Amino acid sequence: MSTHELIFAGLDGDRTWRLEDYVARGGYSALKKIINEKISPEDVIAEVKKSGLRGRGGAGFPTGLKWSFMPRAFPGAKYLACNSDEGEPGTFKDRDILRYNPHSVIEGMTIAAYAMGCERGYNYIHGEIFDVYQRFEEALAEARAAGFLGQNILGTDFGFELFAHHGYGAYICGEETALLESIEGKKGQPRFKPPFPASYGIYGKPTTINNTETFASVPFIINDGGEHFLNLGKPNNGGTKIFSVSGHVGRPGNYEVRLGTPFSELLALAGGVRGGRRLKAVIPGGSSAPVLPADIMMDCTMDYDSISKAGSMLGSGAVIVMDESTCMVKALERLSYFYFEESCGQCTPCREGTGWLYRVVHRIEHGKGRPEDLDLLNSVTANIMGRTICALGDAASMPVQSFVKHFGSEFEYHIEHKQCLVPADVQNEGSKIYVGPTC
Amino acid sequence: MLSQESLARIDVEVAKYPPEQKQSAVMGALRIAQEEKGWLANETIDFVARYLDMAPIAAFEVASFYNMYDIEPVGKHKITVCTNLPCALSGGVHAAEYIKQKLGIDFNETTADGKFTLKEGECMGACGDAPVLLVNNHRMCSWMTPEKIDQMLADLDK
Amino acid sequence: MLEIEIDGKVIQVNDGSTVMDAATQAGSYVPHFCYHKKLSIAANCRMCLVQVEKAPKPLPACATPVTNGMKVWTHSEAAVKAQKGVMEFLLINHPLDCPICDQGGECQLQDLAVGYGDSSSRYQEEKRVVLNKNLGSLVATDMTRCINCTRCVRFTQEIAGEMELGQAFRGEHAEIMPFVEKTVDSELSGNIIDLCPVGALTSKPFRFSARTWEMSRRKSVSPHDSLGSNLIVQVKHDTVKRVLPLENEAINECWLSDKDRFAYEALGSDERLTKPMIRQGGEWQEVDWQTALEFVANGLKSTVREQGAQSVGALLSPHATLEELHLAQKLMRGLGSENIDSRLRQADFSGDASRSGAPWLGMPIAEVASLNRLLVVGSFLRKDHPLLAQRVRQAAKRGLRVSYVGPNAEDWLLPVRNRALVAPGKMLAELAGVVKALSLAVSKPVSGAIADYVAAVAISPAAQAIADDLAAGSSAAVWLGNLAAQHPQAASLQQLAQEIARLVDGRVGIIGEAANSVGAHVVGAVPGAGGRNVADMLDKPLAAYLVLGAEAEFDFADAVKTRTAFEQAGLVVSLGAFRSVAALDYADAMLPIAPFTETAGTFVNCEGRVQSFYGVVKPLGETRPGWKVLRVLGNLLGLDGFDFAKADEVCVEALGGSPEFVSERLGGLVDVPLSSQPAAEGKGFERVADIPLYFADPLVRRAPSLQKTKDAAAPLARMNAATAAASGVADGQLVRLRSAAGVVSLTARVDEAVADGCVRVAGAHQSTAGLGPLSGVISVEGL
Ligand SMILES: Cc1cc2nc3c(=O)[nH]c(=O)nc-3n(C[C@H](O)[C@H](O)[C@H](O)COP(=O)(O)O)c2cc1C
Ligand code: SF4
Ligand code: FES
């Protein structure tokens, strides 16, 4: 039972985010290696492909493959965007990467820009972590001053300009095309795809978007080789992954482990279920991933394939742990409220459907459920899923479907008895202010 | 309309984008304007729009879309508490209740002395630190026990 | 080409087509709300979901590109299931009270709900209520009905050129609104009413006055600007209730300007003249037609007898129908007078001797799309010709580069690449500078006749930039706008415009002021040999005037002079639909003739297209169609050739019975020595007169809702800061403006869109009529 740290390795002290510290930890050696050994952009992409790195933002798309979609011969500007709009409930890893190791992201982006021929990039940082945005600006200034960014990087004719763009409170901007709109100074309403960002991105120019953690992994792949990175995890699930563990555990926090680590080990790392209570359910990949009951979850290993086989998604690696004190109806009500509030409002099924879902769950939670409500929830989610412009419609529906599927009897109890199976005082005890030993 | 200092800061934002894409700086510009004015009145939004050569309604779309912009007046200090599920499991709701009772206001209300406005927030990307809250948009406070909340309110009240 | 199978039908479609395009081509109807062929694709309503082979989920037809070999089902079980699902979502928050909704009966949502909706709602929660917005005097809102398709938002951004509406807030709280407390002021705003698929945006003037099924729909043609937009006029109980666009891709596409759409309100104005009136012994009296026409015929006869045929003349509105213009000129010529003119706001007639054929646009309207260079000379393009400006706007997005020479620089909501902002008096030299620079740029000599003049001018940086830009293009046009046509050196400006077009192998055209500017030329509503033009007829007053459809203080180049001439005349016969207050002073007979909705008629638009229409309602009161009145008058005067039974017969005669008649007569080029006469003389500033779009003709002047718009605001004295400083006035100050003809008082407005040394003072308005000529020198003095 142990972590295996790459991105988080050696982050001790309060100056870990400084360039000096990063270089002392071996930082920017991957970029230097590429420059000194004149590794071609094609070879960089090949190495990333070999590593089995999959996007850490949620969809798990193979990163090397994504990079190869960028039109090589495109004349004019190409863009790179980093998605640090971490706002999926349960996810808080990118914040720590940017807080403690921002140069790993800058180095990863610079390498990516080199590989895809991008001349400009933006890191889109979640509005609520404004202090992190400010720190990132400082890190950018350091990198520019040291010749790792800007024109003539490390004395070559390769140039890359990178800037920070902050969000200001809209979860939807984590969706990659909403993020592009937001960078263009518009409200974050996702674009219909096709065209995909690789052909029509920022200002209509070819653009690649990756998650913070994805970029932060790149230097390690270049330094140690794709093969080595792949072998840290499992086939098709290369490398280490940071899991954000929250909820009813002893030590909520981020844990970087090899992909394929058994869930039980991760749970133990996070201090096990809090207060000796029994595990009830886990959302393994951020709030939009389907919830899994304890017994199914305990049999999973933490990687894309295993979680998918169990009927959920690894997503962003946000593990929300719920113990037996949890009212599943109330839990779903809160999530449904979130999607209702965060729908961008552009497409009909999501704009109208998320409010409907929330209101029905709210009614059930407040003792006004009707016998036909569970069928209604299933039918409304079916009418949303797959019919929206972006995946928020699905993200709002999957929790509803999975909660009803796995904990239907609890919902029925609510409807029938106008109250919860879990006694109020137990619920109260379970949800009170908990400050674990990590802080 | 805005101070020279704010305008200079907005110009720094504008410089991040290609010259013909000034509108990209609208989020930064609105944030800077809000920092100076406390909230975004229509005239302020109008001013920012004109400064960036964009339609005022396009700037209003942005100001009304993103939660952290205040298009209504708020108290001197805005406290936003996350009550989303991961936080709720570790006391987010209890922390919010505690503040409500301390300040005698509900969500979306401002204390009579105009000092505090309380808001319910969505996930801030800090679920491991629950209960978390945001003071005036830019200061995140983690692991907020009743004692720490008392201390925070006292400090802000000074 | 790509092959696609839609609902079992295999068709070929162009590369880049969407499934929606293909479905339209294949004749399959895909339900939709947000999609509109003239707007960008939003794909937000999701109503157009269709089943596509191998796609795991239904795809929106409007946004999905066709791939070769694609198979699509628009009405399969899966497709209809998806469409019904969307319909349910659209209806949960939409009021289901069609009977009290103004859109009832013509609502896309209502129509589709019948096919795709369920009779009972599964949504038991409270419905959303959205506050209404004040968009101005033309568009009413019922925002709770809005389905957020964003068509209106995209229209203002993409077609009207200025984002006046947006979708604010987010999620379920999303609302369509203008910026707080702003209205929608575009001159094309009414189109959002047509675009709104539900009853959220409706016509304010029309609101609740009739149901769509109670009205008949009749075709007509707009009588305002020179485009000739095609109309559907909706009529109930013999009154015009509403005007909608009749789609014509070659002219107005699917749009109308607000002027085309809302001017109908004037048809019911209190100022309508409904009975013939004559003045005898200083007293006005209502008489029957027989008496009135005999009075007029006798008057004309005795004037001709006593003072000769040269003492009578006809001043004809270019908004009149071809039939009216034809009979009026025929009548005048029958009396032996060539004193006939329809160019009432024109000041320079020096081109008449050399001109043959009718001045016209020089190209079909639709070909704007294929231009890549356009030089506009002297125009308030956006307000003078709203839909033509719209075409230019769209072409500019596809690479058309527009340049401008003139004294005004107001925003046309399209990129003007180069602009020579010069006073009217400097336009000739500026344009000559463009010719000079262009001749060098394309290495072609300047034509002999103007070479000397051109050699003597200096090339300004703006002229150089315009020339360079024109030289780099491959398909250019030069247009002379209303301001150029009304300019005191109009013929010389045209001469230079022709030269520019020659140097770049481009086209040259005159946009034309009115619905029948071209038609009037074609049928000879201009002076013939020995005849006097309008300026001449007013400079040296005649004994008798026949005035058709025009008002002395608004429709002429010089209101003061016109008024004086009419007052001095022994006989002024005014034919028109309205009782003009001023005419009560100067006229001797007022004959009520039918506006376009009450008579058959024909207009020839700026591209030379002949468009005939029929009356859609009965003439009001004793109003009669103009052609009938002139026919009877011709007969009473004992003239030959006035026996027409139908308007069509007049039209056939007017157009020589030949389809090529008009096209053979298009031309209008001039060959004049460049004017050595200065455009403005004296001390002071040059007047720049726009004719605001809602003052421009007798109908719009009396349309109440149009009169409440921003565009109908009272004229200001606009000048740039330097001019204001030179005249010692401040923005907002009341100023006295003095011309040779008179004095008026207006509020000053500092406006950098006016050339240095100029004051922009609108014409066609009561408050400015006292200044006399639309051009020339005026002095400014603060009060
Ligand atoms: C509603 C929604 C929210 C999302 N939020 C985030 C986010 O906060 N951070 C992120 O990296 N990706 C997020 N994504 C996924 C992105 O769209 C995108 O797939 C990702 O940034 C690509 O980077 P990757 O390939 O490195 O994972 C979100 C997607 C959706 C549909
Ligand atoms: S699914 Fe929701 S968030 Fe995504 S585009 Fe549609 S309305 Fe916006
Ligand atoms: S018409 Fe295709 S989504 Fe609205």
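The values are calculated or read from the model by the stated rules, or taken from the named source; none is laboratory data. Because the structure is predicted, anything quoted here is derived from the model rather than measured. When we count neighbours, we look across all protein chains shown, and the Cβ atoms used for this are built from the backbone with ideal geometry, even at glycine.
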- Return a yes/no flag: does region A:208-218 have any residue that is under 21 Å from A:Trp17 (Cα atoms) and within 12 Å of another protein chain (Cβ to nearest Cβ). yes
- If a residue has to be closer than 25 Å to C:Asp555 by Cβ, in a strand (DSSP E or B) and in contact with a Lys or Arg (Cβ under 8 Å, 6 or more places away or on another chain) to count, how many in region C:231-264 make the cut? 3
- Every listed condition ((1) more than 9 Å from every other protein chain (Cβ to nearest Cβ); (2) buried (at least 24 other Cβ atoms within 10 Å of the Cβ)) holds for A:Gly271 save (2)
- Message: Residues to consider are C:Pro56, C:Pro60, C:Pro65, C:Pro31; find the one that is surrounded by fewer than 20 Cβ atoms within 10 Å (Cβ to Cβ), within 30 Å of A:Ser379 (Cβ to Cβ) and more than 16 Å from ligand 1 (Cβ to nearest atom).
- Response: C:Pro56
- Of all the residues that make up region A:336-353, how many are surrounded by 24 or more Cβ atoms within 10 Å (Cβ to Cβ), facing another protein chain (nearest Cβ under 7 Å) and either part of a helix (DSSP H, G or I) or more than 24 Å from the chain's Cα centre (by Cα) (or both)? 7
- Please tell me if C:Ala449 is surrounded by fewer than 18 Cβ atoms within 10 Å (Cβ to Cβ) and touching a residue at least 24 places away in the same chain (Cβ under 8 Å). yes
- Item | Qualifying helices (runs of 4 or more DSSP H) (wholly inside region A:1-105; at least 3 residues being closer than 23 Å to A:Gly253 by Cα) | A:93-100
- Message: I'm checking my understanding of the structure. Among residues of region A:41-97 that are within 16 Å of ligand 2 (Cβ to nearest atom) and touching a Ser or Thr at 6+ places or on another chain (Cβ under 8 Å), which one is nearest to A:Val245 (Cα to Cα)?
- Response: A:Pro89
- Message: Yes or no: region C:153-161 includes at least one residue that is within 16 Å of ligand 3 (Cβ to nearest atom), more than 27 Å from C:Leu246 (Cα to Cα) and not polar (S, T, N, Q).
- Response: no
- Query: Residues in region A:376-395: is at least one crowded, with 22+ Cβ neighbours inside 10 Å and more than 16 Å from ligand 2 (Cβ to nearest atom)?
  - Reply: yes
- Message: Which pairs turn up if I take residues in region C:497-508 that are closer than 14 Å to C:Ala463 by Cβ and look for partners that are part of a strand (DSSP E or B) with beta carbon separation below 6 Å, at least 6 apart in sequence or on another chain?
- Response: C:Ala497/C:Val377; C:Ala497/C:Val478; C:Ala497/C:Leu480; C:Ala497/C:Val508; C:Ile500/C:Val478
- Taking region C:81-100, which residues are within 9 Å of chain A (Cβ to nearest Cβ) and among the β-branched types (Val, Ile, Thr)? C:Val86, C:Ile92
- Query: Listed residues A:Ile307, A:Ile389; which is among the β-branched types (Val, Ile, Thr) and within 16 Å of ligand 3 (Cβ to nearest atom)?
  - Reply: A:Ile389
- Leading residue by the ranking (farthest from ligand 3 (Cβ to nearest atom)) among those in region A:364-386 that are assigned to a loop (DSSP other than H, G, I, E, B) and within 18 Å of C:Ala78 (Cβ to Cβ): A:Met385
- Query: In the list A:Leu279, A:Leu266, which residue meets the criterion of being over 23 Å from A:Gly55 (Cα atoms) and within 14 Å of chain B (Cβ to nearest Cβ)?
  - Reply: A:Leu279
- Kindly establish whether C:Leu244 is in contact with a His (Cβ under 9 Å, 6 or more places away or on another chain) and not basic (Lys, Arg). no
- Among A:Gly13, A:Gly60, A:Gly64, A:Gly55, the single one that is in contact with a helix residue (DSSP H, G or I) (Cβ under 9 Å, 6 or more places away or on another chain), within 16 Å of ligand 1 (Cβ to nearest atom), modelled with pLDDT under 95 and away from chain B (no Cβ under 14 Å) is A:Gly60
- Filter region A:318-335 for residues that are assigned to a helix (DSSP H, G or I) and more than 10 Å from chain B (Cβ to nearest Cβ) and give the result. A:Met328, A:Val329
- Query: Looking at (1) touching a Cys at 6+ places or on another chain (Cβ under 8 Å); (2) within 16 Å of ligand 1 (Cβ to nearest atom), which is the only condition A:Lys330 fails?
  - Reply: (2)
- Task: Return the residue satisfying two criteria in turn: it lies in region A:150-183 and is among the acidic types (Asp, Glu) and either over 19 Å from B:Tyr66 (Cβ atoms) or away from ligand 2 (no atom under 16 Å from the Cβ) (or both), and of such residues it is surrounded by the fewest Cβ atoms within 10 Å (Cβ to Cβ).
- Result: A:Asp157
- Item | Identity of the residue in region C:129-160, surrounded by 22 or more Cβ atoms within 10 Å (Cβ to Cβ) and of a type in the set (Gly, Ala, Ser), that ends up nearest to the other protein chains (Cβ to nearest Cβ) | C:Ala160
- Message: Let me confirm something: among A:Gly121, A:Gly108, which residue is within 25 Å of B:Val26 (Cβ to Cβ), small (Gly, Ala, Ser) and surrounded by 24 or more Cβ atoms within 10 Å (Cβ to Cβ)?
- Response: A:Gly121
- Does any residue in region C:152-179 that is touching a residue at least 40 places away in the same chain (Cβ under 8 Å) come within less than 6 Å, Cβ to Cβ, of a residue that is β-branched (Val, Ile, Thr) six or more places away or on a different chain, and which pairs are these? C:Cys152/C:Ile192; C:Phe155/C:Ile192; C:Glu175/C:Val130; C:Pro178/C:Val184
